[in-house]
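The values are calculated or read from the model by the stated rules, or taken from the named source; none is laboratory data. Fair warning: this is a prediction, and the values are worked out from it, not measured in the lab. So basically every Cβ, Gly included, is an ideal-geometry build from the backbone, and we count neighbours across all protein chains shown.
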Amino acid sequence: MCLVMGASLGARRGMAFAVMATMLSNIVLSHGLWTFFQATGWAAVAFAGSRLGLVTESQVAMKRLLYAAVVASVLFDWWVSLSVLSSLATVSDFGIYLLNGLPFDAIHAIASIASADASLLTWQIYYTLKPLL
């Protein structure tokens, strides 16, 4: 969602959305050391979305959006995983931690593709109605 928000609203608003989404979700799920990594990771995804040219002349570059969603999912998961590095004994423990997270990374990438696909409809409606608003 942060990728879409960055592409739709620009870097500043997309990154603000990312930080707000982090804070609001962690009110329910609890805050911790990972909150910083989530906020910066989602903000980076929103920034990337604003710079990747996902929307040009009110048209969504769907293939580019899907590739960006998959790459952003994996990089975000890796970035947030750094939050546990201080609590693990060795770097090899961190490697095992990352390997255990591969199924989640795959599911996250698939969900991002589905979310990007669903966002396309929202984008099309927004850009169709934008001149009327």
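General observations
- Qualifying residue in region 123-130 (condition: modelled with pLDDT under 85, assigned to a helix (DSSP H, G or I) and aliphatic (A, V, I, L, M)): yes
- Where Thr128 falls short, out of the listed (1) under 21 Å from Val4 (Cβ atoms); (2) of a type in the set (Ser, Thr, Tyr); (3) under 18 Å from the mean Cα position of the chain (by Cα): (3)
Let's see how each residue does on (1) at pLDDT 95 or above; (2) surrounded by 16 or more Cβ atoms within 10 Å (Cβ to Cβ):
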position	(1), (2)
Leu65	no, yes
Ala68	no, yes
Ser92	no, no
Ile107	yes, no
Ser112	no, yes
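- Filter result (part of a loop (DSSP other than H, G, I, E, B) and either buried (at least 16 other Cβ atoms within 10 Å of the Cβ) or at pLDDT 90 or above (or both)) within region 11-58: Leu52, Leu54
- Qualifying residue in region 86-101 (condition: without any contact (Cβ under 8 Å) to a residue 24 or more places away in the chain and closer than 24 Å to Val19 by Cα): no
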